[in-house]
1. Restricted to region 138-153, and to residues that are surrounded by 14 or more Cβ atoms within 10 Å (Cβ to Cβ) and away from the ligand (no atom under 16 Å from the Cβ), which residue is farthest from the chain's Cα centre (by Cα)?
2. Any residue at all in region 32-41 that's within 8 Å of the ligand (Cβ to nearest atom) and touching a residue at least 40 places away in the same chain (Cβ under 8 Å)?
3. R234: of a type in the set (D, E, K, R) and surrounded by fewer than 19 Cβ atoms within 10 Å (Cβ to Cβ), yes or no?
4. Pairs please, first residue from region 58-74 and under 17 Å from S89 (Cβ atoms), second anywhere and surrounded by fewer than 16 Cβ atoms within 10 Å (Cβ to Cβ), Cβ atoms under 6 Å, 6+ apart in sequence or on different chains.
5. Condition check: surrounded by fewer than 23 Cβ atoms within 10 Å (Cβ to Cβ), within 14 Å of the ligand (Cβ to nearest atom) and at pLDDT below 95. Does K11 satisfy that?
6. Say whether the condition of being of a type outside the set (K, R) and touching a Cys at 6+ places or on another chain (Cβ under 6 Å) is met by at least one residue in region 195-214.
7. Scan the helices (runs of 4 or more DSSP H) fully inside region 189-253 and keep the ones with 3 or more residues being over 11 Å from L179 (Cβ atoms) and more than 15 Å from the ligand (Cβ to nearest atom).
8. Pairs under 6 Å by beta carbon, first residue touching a residue at least 12 places away in the same chain (Cβ under 8 Å) in region 109-122, partner in a loop (DSSP other than H, G, I, E, B) and crowded, with 19+ Cβ neighbours inside 10 Å, six or more apart or different chains?
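The values are calculated or read from the model by the stated rules, or taken from the named source; none is laboratory data. Here the structure is a predicted model, which is why all the values come from computation and not from measurement. Cβ sites come from the backbone with ideal geometry, for glycine too, and all protein chains shown count toward neighbours.
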Amino acid sequence: MSSVISISNQKGGVGKTTTTCSLAAGLKKRGFRVLMIDLDPQGNLGFSVGVDTDICATIYDVLKGDVKTQFAIQKSDTADLIVSSILLSGIELEFTNTGREYLLKEALKPVMDLYDYILIDTPPALGILTINAFTASDTIIVPVLSDIFSLQGIGKLYETVERVKKYCNPNLDIAGILLTKFNPRTHLCKEIRGTAAMIAEDLNIRLFDTYIRSSVAASEAQSVQQNILDYSPRNNIAKDYQSFTDEFLKKEA
Ligand SMILES: Nc1ncnc2c1ncn2[C@@H]1O[C@H](COP(=O)(O)OP(=O)(O)OP(=O)(O)O)[C@@H](O)[C@H]1O
């Protein structure tokens, strides 16, 4: 039975896709069977791992019920993947029927025994797609940019999680906050880490000990369609995501 993890933050550019891809790679390298779902209509995850994103079945087709989940899965060197579609952006208006929060949960049922981990890359919004991801998930990882505006967004995300817990998925929890694009040498980043720890304690959420340092290698890896662990295993980001994978697994145990 899979453990389902949403990588989520309503803010854009905080490292959701990078974290999804890197954690998937880390888990696969440790021998786990991993599926990634790209629920972000921008569809960057498919490109980042070099799979077909043009003439293939997408998570939109699956949610609509036009394609069986198993037939939308593509293989990549990083992990298996169901790609996104720009058509997902219209889903708020298109899917208005009762129970629309459960579409993804239902869609994942047939593949739950095929994977140890299913990672969902969510869009930068707290709409119906993210609600679907939370309803289908056991836990949420919240990547947060190391700046004060990003920290302010955590409360809003927390409220949405509480709502989903109340109405759709009582077992949902937040695995923790992961600081990204961190520069340990700056005074500001140290302060941000202190503030993040206070916010986390207030909300009774964990702040992961591991932070992800900032490096241009993240964008370079994406542009050559490789995960960071394969692209530059000795780079700080690769080391950080390896440590993060270990910390995450230790928390799961
Ligand atoms: N640790 C890092 N250091 C430097 N750049 C990074 C790091 N992590 C991600 N980036 C870069 O920041 C940009 C945004 O990252 P990413 O796409 O992972 O964020 P996102 O939260 O998924 O964005 P969106 O909300 O738009 O989908 C990308 O260009 C990526 O290469």
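1. Going through region 138-153, the residues surrounded by 14 or more Cβ atoms within 10 Å (Cβ to Cβ) turn out to be 138-147, 150-151, 153.
Within this subset, residues satisfying the condition of being away from the ligand (no atom under 16 Å from the Cβ) are 138-139.
Values: D138: 12, T139: 10 Å.
My answer is D138.
2. In the first step, residues of region 32-41 are kept if they are within 8 Å of the ligand (Cβ to nearest atom); the result is 40.
Filter again for touching a residue at least 40 places away in the same chain (Cβ under 8 Å), leaving 40.
Yes; the residues of region 32-41 include at least one that is within 8 Å of the ligand (Cβ to nearest atom) and touching a residue at least 40 places away in the same chain (Cβ under 8 Å).
3. On the way: of a type in the set (D, E, K, R): yes; surrounded by fewer than 19 Cβ atoms within 10 Å (Cβ to Cβ): yes.
Spelling it out, R234 is indeed of a type in the set (D, E, K, R) and surrounded by fewer than 19 Cβ atoms within 10 Å (Cβ to Cβ).
4. Y60/L87
5. Numbers: surrounded by fewer than 23 Cβ atoms within 10 Å (Cβ to Cβ): yes; within 14 Å of the ligand (Cβ to nearest atom): yes; at pLDDT below 95: yes.
Yes: the conditions hold for K11.
6. Residues of region 195-214 of a type outside the set (K, R): 195-205, 207-212, 214.
When the remaining residues are screened for being touching a Cys at 6+ places or on another chain (Cβ under 6 Å), the result is none.
No.
7. Values: elements: 217-223, 228-231, 236-252.
The qualifying helices (runs of 4 or more DSSP H) are 236-252.
8. Matching pairs, first to second residue: M112/S2; Y115/S2; I118/S2; I120/L39; D121/D40; T122/S8; T122/L39.
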